[in-house]
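Let me begin by handing over the structure; questions about it come next.
The values are calculated or read from the model by the stated rules, or taken from the named source; none is laboratory data. Here the structure is a predicted model, which is why all the values come from computation and not from measurement. With ideal geometry, Cβ positions are generated from the backbone for all residues, glycine too; neighbour counts draw on all protein chains shown.
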Amino acid sequence: MVRPDSVRKFAFRMTIAFFVFIGLRLLAAKGEVTEPRAISANAPPGTASTVFQKTKPYVCALKTAVSENAPKASYGSAFVVDKTGLLATNYHVVVDAVRTPKKYKTFVIIDGKPIRAKVVAIDVVRDLALVHVSHEFSGALEFGGVSLETGAKLYSVGVPEDLNMSIVEGNYNGLQKNGPYENVVLSSPINPGMSGGPTINEQAQIVGVNVAILRQAQNISFAVPASYLKKLVDETRLPDRAVAAVVDDWGPSIVRQLKTAADELSEAWMQKASERVEFKGWRAHAPPAGLKCWRDQKEKYAREANVDVQRCMSLFSASPERDIQSGNYEIAYMNVTSPRLKSFQFFHLLDDIYGDLATSSFESNGLIDELVDSLLDESSEARYTKPRCGEEIVVNKQNIAMKVNYCVTGLVRYEGLLNGFVRWVTLEKQNSALLMVLKLKGFRSQNMKQLFEALTHSVEKF
Amino acid sequence: MLLLRIQIENATIAQEASVTQFPCTLGRSQSNALVINHGTVSAQHAKIEKLADNEYRLIDQGSTNGTYFNGMRRRELKLEAGQSIWLGQVKLDVVRLGVAEEPAQAMDLSARDPLVDHGQPQVQPRKLPEFLRGDAKKMVFQTLLLSAVLSMVFGIDRYLFEAGKSPFLTVMVTFTFLMGTAFVAMPVAFVARFFTGRFKFWPIMNCLLALSIFYQAGALLGPFLSFNLNNPQLVSTLQLFFALSYYFALFYFLGKTISSTAPKRRLVAVSGAITSCIAVLGILVRVSISPEMMSVTGRISYPISSYSQSSHPVKQLIQGLEEKVAEVEKDQTKASAVKPSERGPASE
């Protein structure tokens, strides 16, 4: 027998689209793919085959592996942005080589031969990387200068699933922006392995870099806008076309980028300081722009009370390492009302709900589980420090008394980046209460304090 | 004069003794007026005093295995005809108080004129089998009464704290539960009594009731006490206290139930102590890991009335956060410092 609650939960989960990288695909099989050389020469201009023909010489497969001929650890695509041997790809494609350089190396496969490549620039937040190989290409892909209209035809090129180099056709569907994250939305069936390949227009100019797809959706893909790549290339390419020195440890640079992203995210939120979400008799700081929000009734407590929930989460995040997310936040507001219950009964119910918020029994996904895991599971120690928690009963500027519970953990190897989990519940005697849950991943302590304070003070009655 | 029947457990023949000299001492030692030679009877076990005509009192002289009447250990009790008293495992029946001729006379009188009540104490022939004699009816009645009272108390408090439930239903559910345990316990007690003549009912009930009371107390008082304290260690200590009381009560009553002899009681006490120690260890382990855990799953502070006194400005909250962040950052530096040896530079 399935409880209606769990059915609901499942349905809810289904609607939450997960953002998945398409390059991080562990393939066990060894062996390079030999590409068929035969291409029809007389295809009409503007079709997929002409675009493919123009692009093909500048797109390569890329693998990270322990050595030249070893089976790959991860697999993706890359494309030439400068004929002196500079190729663009995704950060997540070369992440192993960046974070564990002693173990993994990057190889670009040119004409079926793996050639050692070195990571010369990264943009963790936008998920971009530049690699350099000692190989002179015949040319490079150009950046497109024209702004696109929704519906414009785009092509994505790459080596899906370690098969033949492929081209897929799709349409431009605008940009999706949230703080530092900006992505081109495409309707095209991008597959694992095509990460790092170019998304191009009909003139075979770079529009973006294939980066991710939306799981549990049909053919919704994302590409990093070319402007970010251009900026990175311009920064990296020195005037004399020499390439920047090899970086020994990317750590500090990654931390710097993540911190900047965290600042941007919290600023984006603070810009909304005057905006409020409203519930029956309650107001609180509105969620930041760019988050996806759902609002519905919670059935679990329907017998005793009316629970109105709004959950907002960010689609994008930066991932400096596999299984580590940074620069991602999530907020839930919950309004509990019950005219029927006596105040102490109401309080008891509220206590139950408040307790549930901290456990996975309340459709929590993510941080709290990690927090609890890090208390119980030793393996998470490698990623997070021990959670430090506190609680307080406070009265804010609007004279609302609240109970606050919070926990903070740190990301190991990313000094100054913290995860936070905060719960608020108002302690008014009337039978209407507001609860809030905030999850922050990879934020700085200043950001955390700022958001913490702003949210606490924003709660008011009307 | 007092006529007593002394029956040693498992012996088929009972001895009768008539006591005329008071005070009369009973015990295993030869110096007693009435010598009862049995292992469970102490050297100086008890003494019978005469208070007035036909009024006698039995006083326990600090015996090891005790003097029991109706399943209860007694320090002293007034003797009445028809009583069965246990000295250790020896049964002492009070056959008759006063002179032997009197009851016979009374029976004659009543036979002659049944409408006249002569006010003489009479020994009625027993209709109930022996193992149901005495407190059986009282026992059932008291159990019902106690269950009713407790279920009212528990039912009401559950109604108060578990919102949205029917008060009638909660009381009925609790009552049914308590009666269920009582009626399971009662036949067990009867059967045990039938076979041993020694198994006591009330200690079992006491044990069950103590369990439910401590359970309820822990469930009710726990959150109340823990609430405003904001101190996980203290909360755990309180839980420890409740757990210890629980085990103490359990083993105390269990010991009373089983203990016919001192060594057995000691055994029960020792096993109780061991179990308690294990429980304490378990709780200590919890205390050592729990502070963070409890904050993760922390709940609202309880007493609604007291939040206004214990509340602080938001500044204090931020200060608290800053402290935690500082601790985390220290951990982070420590954890990150380990890494460079594992993760070398890219150049080879």
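Go through the residues of segment B:88-95 one by one and say whether even a single one is within 34 Å of the chain's Cα centre (by Cα), exposed (fewer than 15 other Cβ atoms within 10 Å of the Cβ) and either part of a loop (DSSP other than H, G, I, E, B) or at pLDDT 80 or above (or both).
No, that holds for no residue.
Go through segment A:427-446 and give me each residue that's within 11 Å of chain B (Cβ to nearest Cβ) and farther than 24 Å from A:Ile353 by Cβ.
If the condition is that a residue be within 11 Å of chain B (Cβ to nearest Cβ) and farther than 24 Å from A:Ile353 by Cβ, then A:Phe443, A:Arg444, A:Ser445, A:Gln446 are the ones that fit.
For A:Ala262, only one of the following conditions fails: (1) buried (at least 20 other Cβ atoms within 10 Å of the Cβ); (2) out of contact with any Lys or Arg (no Cβ under 7 Å at 6 or more places or on another chain); (3) touching a residue at least 24 places away in the same chain (Cβ under 8 Å). What is its number?
(2)
What pairs can you find where one residue is in segment A:426-441 and touching a residue at least 12 places away in the same chain (Cβ under 8 Å), the other is surrounded by fewer than 20 Cβ atoms within 10 Å (Cβ to Cβ) and among the basic types (Lys, Arg), and their Cβ atoms are less than 7 Å apart, with a gap of 6+ or different chains?
Here the result reads A:Ser432/A:Lys280, each pair linking segment A:426-441 to a residue that is surrounded by fewer than 20 Cβ atoms within 10 Å (Cβ to Cβ) and among the basic types (Lys, Arg).
Within segment B:38-72, which residues are surrounded by fewer than 15 Cβ atoms within 10 Å (Cβ to Cβ) and among the charged types (D, E, K, R)?
Matches in segment B:38-72: B:Glu49, B:Asp53, B:Glu55.
Moving on to the next point. For segment A:122-149, name all the residues that are more than 21 Å from A:Lys231 (Cβ to Cβ) and either in contact with a Phe, Trp or Tyr (Cβ under 6 Å, 6 or more places away or on another chain) or surrounded by 21 or more Cβ atoms within 10 Å (Cβ to Cβ) (or both). If you could, list the steps in order and put the result at the bottom.
Just the residues of segment A:122-149 that are more than 21 Å from A:Lys231 (Cβ to Cβ), to begin with: A:133-139, A:149.
Of everything in segment A:122-149, just one residue is more than 21 Å from A:Lys231 (Cβ to Cβ) and either in contact with a Phe, Trp or Tyr (Cβ under 6 Å, 6 or more places away or on another chain) or surrounded by 21 or more Cβ atoms within 10 Å (Cβ to Cβ) (or both), namely A:Val133.
Separate question: Just name the residue that is surrounded by the fewest Cβ atoms within 10 Å (Cβ to Cβ) out of those in segment A:169-179 that are modelled with pLDDT of 85 or more and at negative phi.
Within segment A:169-179, the match that is surrounded by the fewest Cβ atoms within 10 Å (Cβ to Cβ) is A:Leu175.
Within segment A:420-427, identify whether any single residue is within 19 Å of the chain's Cα centre (by Cα), of a type outside the set (Gly, Ala, Ser) and either surrounded by 21 or more Cβ atoms within 10 Å (Cβ to Cβ) or part of a helix (DSSP H, G or I) (or both), and answer yes or no.
So far as segment A:420-427 goes, yes, one or more of its residues are within 19 Å of the chain's Cα centre (by Cα), of a type outside the set (Gly, Ala, Ser) and either surrounded by 21 or more Cβ atoms within 10 Å (Cβ to Cβ) or part of a helix (DSSP H, G or I) (or both).
I've got another one for you. Can you tell me which condition A:Gln450 does not meet? The list is (1) modelled with pLDDT of 90 or more; (2) part of a loop (DSSP other than H, G, I, E, B); (3) of a type outside the set (A, V, I, L, M, F, W, C), and all the others hold.
Condition (2) is where A:Gln450 drops out.
Mind checking whether some residue in segment A:212-228 is assigned to a helix (DSSP H, G or I) and crowded, with 24+ Cβ neighbours inside 10 Å?
yes
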